[in-house]
């Protein structure tokens with residue numbers, strides 16, 4: 001596991017020309033073989049297939065190719081399931097935990113920001129701010145998915161080898177997610193209120209707030225994932241405020257994914 005700049009966003013890169021095409025074909029062959037072994041180990045199949053394809057054609061195409069090979073709706077793989085897949089490819093189960101938690105936090109930040117833009121910014125600034133928000137959420141697997149859809153994916157058992165989490169486990173994640181969103185709203189509300197001279201100034205303020213909270217969240221989720229990787233239990237520390245709520249969300253997410 002690396003620092004907060006990796007995790008859910010750590011797979012990428014692409015190749016051009018014939019080398020990219022031949023690499024993609026080779027990776028597609030390995031994807032087919034991986035799909036055949038799905039019943040034995042879904043996690044290993046996803047990791048091996050995604051790693052090879054991502055190196056050849058980049059993350060977006062890798063997710064789409066993986067979805068086709070495994071018979072999964074590509075839109076589902078771009079959501080919270082995609083966050084788990086990419087996280088697993090970069091860090092095993094701890095990486096998947098970090099990826100899912102970061103995707104959920106990103107979704108909370110996106111939802112809070114969307115509301116703040118509508119409520120606080122002048123109409124003439126809103127298009128630019130929403131475009132910047134779309135770019136922000138598009139860089140993080142899972143962040144563009146609605147929070148309810150993310151919970152529904154967890155409830156389906158898609159991330160727990162088909163075992164649907166108990167109502168208590170899901171309830172804990174939903175509560176933590178709500179608290180993260182509430183905490184995020186306060187900072188984003190402040191960032192989108194003011195006498196901005198231009199749309200660029202408004203966007204800069206919004207982006208600064210989003211990035212600051214995301215960086216803090218990644219550090220927290222990396223700590224929780226690190227505890228899992230080292231075989232330690234996941235328990236709350238003395239963090240408070242936004243970071244404390246993110247930590248609880250990461251812990252609740254870890255408990256769901258560990259109970260497979």
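The values are calculated or read from the model by the stated rules, or taken from the named source; none is laboratory data. Just so it is clear, the structure is predicted and the values come from calculations on it, not from any experiment. Positions of Cβ are backbone-derived with ideal geometry, glycine not excepted, and every protein chain shown enters the neighbour counts.
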Odd one out for residue 196, checked against (1) outside any loop (DSSP other than H, G, I, E, B); (2) surrounded by 16 or more Cβ atoms within 10 Å (Cβ to Cβ); (3) in contact (Cβ under 8 Å) with a residue 40 or more places away in the chain
(1)
Scanning region 215-247 for residues that are surrounded by fewer than 21 Cβ atoms within 10 Å (Cβ to Cβ) and not in a loop (DSSP other than H, G, I, E, B) gives 215, 216, 219, 223, 226, 227, 229, 241, 243, 244
Identify all residues within region 131-169 that are assigned to a helix (DSSP H, G or I), touching a residue at least 24 places away in the same chain (Cβ under 8 Å) and under 19 Å from residue 257 (Cα atoms); write none if there are none.
147, 149, 150, 151, 153, 154, 169
Taking the condition touching a residue at least 40 places away in the same chain (Cβ under 8 Å), in a helix (DSSP H, G or I) and surrounded by 22 or more Cβ atoms within 10 Å (Cβ to Cβ), does residue 124 pass?
no
Yes/no for residue 199 being at pLDDT 90 or above and within 18 Å of the chain's Cα centre (by Cα):
no
For region 229-237, check the following and say yes or no: at least one residue is more than 28 Å from residue 132 (Cα to Cα) and within 17 Å of the chain's Cα centre (by Cα).
no
